[in-house]
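Accompanying notes for the structure given below.
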Amino acid sequence: MERSNKFISQEVLKLIACITMFIDHFGYAIVPRLAIANMETVYYICRIIGRLSFPIYCFLLVEGMRRTRNPRKYIFRLGVGILFAEIPFDLVAAGGFSWGCQSVMVT
């Protein structure tokens, strides 16, 4: 039987990144609208937890590019993801489309 040297699978990393990103977005978009005690503390805790998602996504992005058979298709799919993510991001962050406010996928 062959042993795997993987500590955490890519699927588990994706799940962790999605959950931490959700917590970040919740802290950004929902927490300021709630009337709760220590709202500022909850906001910052959510944002700090959410910052874990970026390095995980960067790692997965590089691994995906390294392992793909067709880099052009991979980049195209990333571009489509950017387009779909940018509209909701601008609506939440700027109240409408704004060149001054871009999602992290664009950068």
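A few points about this structure:
- Across the options Leu61, Ala29, Ile19, the greatest Cα extent toward the positive end of the charge dipole of the chain (unit charges at beta carbon of Lys, Arg, Asp, Glu) belongs to Leu61.
- Note on the chain: with charges restricted to the Cβ of Lys and Arg (+1) and Asp and Glu (-1), its dipole about the Cα centre is near 520 debye.
- Spin-label pair Ala85/Glu11, simplified geometry with 7 Å Cα→Cβ offset, distance in nm: 2.2
- Model label sites at Cys18 and Ser103, defined 7 Å from Cα along the beta-carbon direction, differ in position by 1.5 nm.
- Degrees, to the nearest 10: 39-50 long Cα axis against longest axis of the chain: 10
- Structure-based [θ]222 nm, the chain - -39500 (n - 2.57) summed over DSSP H runs of at least 4, per residue, nearest 500: -22500 deg cm²/dmol
- Using a probe of 1.4 Å, the accessible surface attributed to Leu61 totals some 80 Å² when neighbouring protein chains are kept in position.
- The chain: relative contact order in percent, alpha carbon pairs under 8 Å with at least 6 residues between: 21
- Each peptide among 49-56, 12-19 gets the average number of other Cβ atoms lying within 10 Å of its residues, and from highest to lowest they stand as 49-56, 12-19.
- Portion, in percent, of the accessible area of the chain that falls on carbon or sulfur, probe 1.4 Å: 68
- A 1.4 Å probe run over the protein chains yields, for the chain, 81 Å² of accessible area per residue, whole-number rounding.
- Cα gyration tensor shape of the stretch 12-107, rounded if a/c is under 1.5, else prolate or oblate by comparing a/b with b/c: oblate
The values are calculated or read from the model by the stated rules, or taken from the named source; none is laboratory data. As the structure is a prediction and not an experimental result, all values here were calculated from the model. Note: ideal-geometry Cβ built from the backbone for every residue, glycine included; neighbour counts use all protein chains shown. The area values use the complete protein model at the heavy-atom level, side chains included, leaving out ligands, DNA and RNA. Shrake-Rupley method; radii C 1.70, N 1.55, O 1.52, S 1.80 Å.
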